[in-house]
There are 2 protein chains.
Amino acid sequence: MAAFHPMAASCVRISPLLPAASPVAEAEAAWACTAPYAHRRRFSATVATAAASSASAATEFDFKAYIGEKATAVNRVLDASISADEPPATLHEAMRYALLAGGKRVRPALCLAACAIVGGREAWAMPAAAAVEIVHTMSLVHDDLPCMDDDDLRRGKPTCHVVYGEPIAVLAGDALLSLSFHHMARVDSYPPDVDADKHPARVVRSIAELARCIGSEGLVAGQVVDLEMTGSAEPVPIDRLEYIHLHKTASLLEASVVIGAILGGGSDEQIERLRKYARSIGLLFQVVDDILDVTKSSEELGKTAGKDLASDKTTYPKLLGLEKSREFAEKLLSDAREQLSGFDKEKAAPLLHLANYIAYRQN
Amino acid sequence: MAAFHPMAASCVRISPLLPAASPVAEAEAAWACTAPYAHRRRFSATVATAAASSASAATEFDFKAYIGEKATAVNRVLDASISADEPPATLHEAMRYALLAGGKRVRPALCLAACAIVGGREAWAMPAAAAVEIVHTMSLVHDDLPCMDDDDLRRGKPTCHVVYGEPIAVLAGDALLSLSFHHMARVDSYPPDVDADKHPARVVRSIAELARCIGSEGLVAGQVVDLEMTGSAEPVPIDRLEYIHLHKTASLLEASVVIGAILGGGSDEQIERLRKYARSIGLLFQVVDDILDVTKSSEELGKTAGKDLASDKTTYPKLLGLEKSREFAEKLLSDAREQLSGFDKEKAAPLLHLANYIAYRQN
């Protein structure tokens, strides 16, 4: 546990280089650092050096408040997008049940932060932020199905098919998938201050990114190979494991970031830099997931823990060992941070902290 | 059988008003009219009157060649859009199996014809034509699942889950759904002669139409209410049956036509007129489906016949009787034709004949 602590990232301001000066920083430090870990200091120093090289703005960035604010804003959009009263009631209930179950909204935050880092107004990316969360939820609902991963617990609650039955879970997933594109394409989704000439082309390009990351080049491809691997007795090589994670997890994180940057009016060069950032944190996300499955309880995770071990599933800890997995995660985090170095430090703070959060989260 | 013959529509040119003059017309007449039916003449006369009021172009319209050409063109796009060689092979095979199983491609033809009727080049709507067929296929794959309608036969072949298993069928459906939006949004999907200023906004509007017709306002809503109805012992009122059909069938036909008209550069007034046309033929499509289920064999249909009766499913023939169902179909066909009256007769010929085809098809 010592080498890789899920919450250490939020402790940047209490590292030796950056004493916690403000009440906000102290409050966040208290929130973040519930237990001391030997390794935290080294990590903290690294992150702090990167952050401190610009201004106090980055160091005083209140990540907890940021992610909370974004989640609230996105939840409002998601809540409004599915009417509980309209028929068919069961379908809408199932969609709302899956969607409003209190996820961390990491993908929407990435989307909004990517829009902002290239100079866009976050509101321009809000429909896309909602869309990527809807796609994520849809993939969970289908992956949890009895014929798939057969999972009963998700975000601490019974899964959609457990509550509403299998047919409704399949259909709720389909409806969520189409809803995500509806969010992206509805004219009234966007604020009136978008560039009327450039905006439609940006939306079309964003929708192409979203569509690509879902199907046989993205989430679905990852799930298919994951299923094949789970049923196989042969040992899984690491490049195949990476294929699964790059598709099953990284592709949607990549789309979230890239779409935000497109809608924010980023240049092609900026968009591609952010794509690399996103690929690194995408793989990082899954490596951390694998580590958490081994090191945390179901209660802490809000989903079935130790499932990978129980099902003899190939994971990074299984292939590399826990310590090497943590080192790999560090490398990915460092790669991601490198891509942000060319951007304005203050505007880069959310994406920097989101990378840290993904690296150091506890569930 | 006499009142409503699935192939009578193609006989417009051999009606008393319009003697078959050209070899093409004679060939089509031979293809279309394999058996004489008493009622055909009255229908034929109606259609012929509408068609003849303009020019010989409409009367000489070779529907068989038209639908064959469009199907070939769309099949080429569909075939090229899923690589058989790329991994994951099983997923791509399953997608190709479902998609290239030889459907009639009515929705793509509607989309292309709607583009043309408002003065657009058909090539502008080709990506959308592929997209609507992909959405249709996806809905069939998921509706056929064991937990849903549990159908083993589709288009004369074992259904996707029978061949590839349930998990792959669910995932192939998801991948197809995202592929449809990818077709719509990929820049290289469209020919270079589209209006660069107006085109992106038209694509965005089209994608919104497509997304809306799939989810909880469209296909999925229809399937949910259909499933609820099938499991219920209570008699189903006709407005509920209409709800199911309008959502499960008409919504995608509506989207096919409306999207074609949008991409073709149609005016709002034209688009709304075509929307009404599409709603009528959409409902007509399902009424005819219900009739065919009662009157045709599995071999003729290429799918399980008599299934509605066997499952005690509510259908138009069950609620209204066969004769009244046929009258209702006639009324819908006449409503649809009325919406085409304001358009150029020659350009309207494909949509006119598509309506007739939907009314009089044999499977």
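Rounding to the nearest 20 debye, state how big the charge dipole of the stretch A:183-340 is about its Cα centre with +1 on each Lys and Arg Cβ and -1 on each Asp and Glu Cβ.
80
Pick out, in residue order, every one of the trypsin sites (Lys or Arg not before Pro) in the stretch B:191-244 that is DSSP loop and has at most 12 other C-beta atoms within 10 Å; say none if there are none.
B:Lys198
Can you work out ³J(HN,Hα) from phi for every residue in the stretch B:246-261, in order, using Karplus 6.51 cos²θ - 1.76 cosθ + 1.60 and θ = phi - 60°, giving whole Hz and x for Gly and Pro?
4, 7, 6, 10, 5, 4, 6, 5, 4, 4, 4, 5, 4, 5, x, 5
Run through the other copies and list how far each one's label point is from that of A:Arg121, in nm with one decimal, shortest first; the point sits 7 Å from Cα along Cα-Cβ.
A:Arg121 label point versus its equivalents elsewhere: 3.7 nm.
Let me know the mean shielding of B:163-176 by other chains, meaning the per-residue number of their Cβ atoms within 10 Å of its Cβ.
Across the residues of B:163-176, the mean count of other-chain Cβ atoms within 10 Å is 6.
With unit charges on the beta carbon (Lys/Arg positive, Asp/Glu negative), name the residue among A:Pro167, A:Leu177, A:Leu140 whose Cα is farthest towards the positive pole of the charge dipole of the stretch A:139-206.
A:Leu177
Efficiency by 1/(1 + (r/R0)^6): what FRET value for B:Ala196 and A:Lys157, r their Cβ-Cβ distance, R0 = 51 Å, to the nearest 0.05?
0.60
How shielded is A:218-227 by partner chains, expressed as the average number of their Cβ atoms within 10 Å of its Cβ atoms?
Shielding by partners across A:218-227 averages 6.
Please list log₁₀ I(q)/I(0) at q = 0.13, 0.15, 0.19 Å⁻¹ for the stretch A:83-199, using the Debye equation with identical point scatterers on the alpha-carbon positions.
-0.55, -0.70, -0.97
Would you kindly derive the ³J(HN,Hα) couplings of the stretch A:198-207 from the backbone phi angles with the Karplus curve 6.51 cos²θ - 1.76 cosθ + 1.60 (θ = phi - 60°), listing them in order in whole Hz, with x for Gly and Pro?
8, 4, x, 5, 5, 5, 4, 4, 5, 5
Using the Cα atoms of the stretch A:243-297, I'd like the radius of gyration and the largest Cα-Cα distance, Dmax, both in angstrom.
Using the Cα atoms of the stretch A:243-297, the pair Rg, Dmax is 13.1, 43 Å.
I want to check the label-to-label distance for A:Glu346 and B:Asp188. Put each point 7 Å from Cα in the C-beta direction and report it in nm to one decimal.
Calculated label separation equals 4.1 nm.
Could you tell me the calculated FRET efficiency between A:Lys64 and A:Asn363, based on Cβ-Cβ distance and R0 = 25 angstrom, to the nearest 0.05?
After rounding to 0.05, the efficiency reads 0.95.
So which trypsin sites (Lys or Arg not before Pro) in the stretch A:77-175 end up in coil per DSSP with only 12 or fewer other C-beta atoms within 10 Å? Let's see the in-between values first.
Numbers: sites: A:Arg96, A:Lys104, A:Arg105, A:Arg121, A:Arg154, A:Arg155; in loops: A:Lys104, A:Arg105, A:Arg121, A:Arg155.
When the trypsin sites (Lys or Arg not before Pro) of the stretch A:77-175 are filtered for loop state and at most 12 Cβ neighbours within 10 Å, nothing remains.
Rounded to the nearest 0.05, what FRET efficiency do A:Lys276 and A:Glu327 have when you use their Cβ-Cβ distance and R0 = 30 Å?
On the way: r = 20 Å, r/R0 = 0.67.
The calculated FRET efficiency here is 0.90.
Return the chain A residue and its Cβ-to-axis distance, rounded to the nearest Å, for the rotation relating A to B.
Output: A:Pro200, 2.
Counting only other chains, and only Cβ atoms inside 10 Å, what mean value do you get across the residues of B:198-210? Please list the in-between numbers first.
Numbers: counts 1, 3, 9, 8, 2, 7, 13, 4, 2, 9, 10, 2, 4.
Per-residue shielding by partner chains comes out at 6.
For A:Glu69, what accessible area in Å² do you get when you roll a 1.4 Å probe over the heavy atoms of the protein chains, rounding to the nearest 10?
Approximately 110 Å² of A:Glu69 is accessible to the 1.4 Å probe.
With a 1.4 Å probe and every protein chain left in place, work out the accessible area per residue of the stretch B:193-268 in Å², rounded to a whole number.
Normalised by residue count, the accessible surface of the stretch B:193-268 is 35 Å².
In nm to one decimal, list the spacings between the B:Ser232 label point and its equivalents in the other copies, with label points set 7 Å along Cα to Cβ, shortest first.
4.8
Please give the contour-minus-distance gain from B:Glu338 to B:Asp150: 0.36 nm per residue of separation, less the Cα-Cα distance, rounded to one decimal in nm.
63.8 nm
Quick one: ranking B:Ser251, B:Ser83 by accessible area, 1.4 Å probe, largest first, what do you get? Could the numbers behind the result be given before it?
Details: B:Ser251 15, B:Ser83 45 Å².
From most accessible down to least: B:Ser83, B:Ser251.
Around B:Arg154, which amide H atoms from residues at least 5 apart in sequence, or from another chain, sit under 5 Å from its own amide H, with H modelled in the peptide plane?
Correct list: B:Thr159.
Output ³J(HN,Hα) for the stretch A:209-215: one whole-Hz value per residue in order, computed from phi by the Karplus curve 6.51 cos²θ - 1.76 cosθ + 1.60 with θ = phi - 60°, and x for Gly and Pro.
Here the 3J(HN,Hα) series is 4, 5, 4, 5, 6, 8, x Hz.
Taking only the Cα atoms of the stretch B:209-363, how large is their convex hull per residue, in Å³? It would help to have the intermediate numbers written out before the result.
Details: hull volume 17.3 nm³, N = 155.
Output value, Cα hull per residue: 112 Å³.
Using +1 at the Cβ of each Lys and Arg and -1 at the Cβ of each Asp and Glu in the stretch A:86-217, identify which of A:Ile207, A:Ala98, A:Gly156 lies farthest towards the dipole's positive end.
Selected residue: A:Ile207.
The values are calculated or read from the model by the stated rules, or taken from the named source; none is laboratory data. Remember, predicted model here, so these are calculated numbers, not experimental data. Note that we place each Cβ from the backbone using ideal geometry, even for glycine, and neighbour counts take in every protein chain shown. Just the protein is used for accessible areas: all its heavy atoms, side chains included, with ligands, DNA and RNA removed. Shrake-Rupley method; radii C 1.70, N 1.55, O 1.52, S 1.80 Å.
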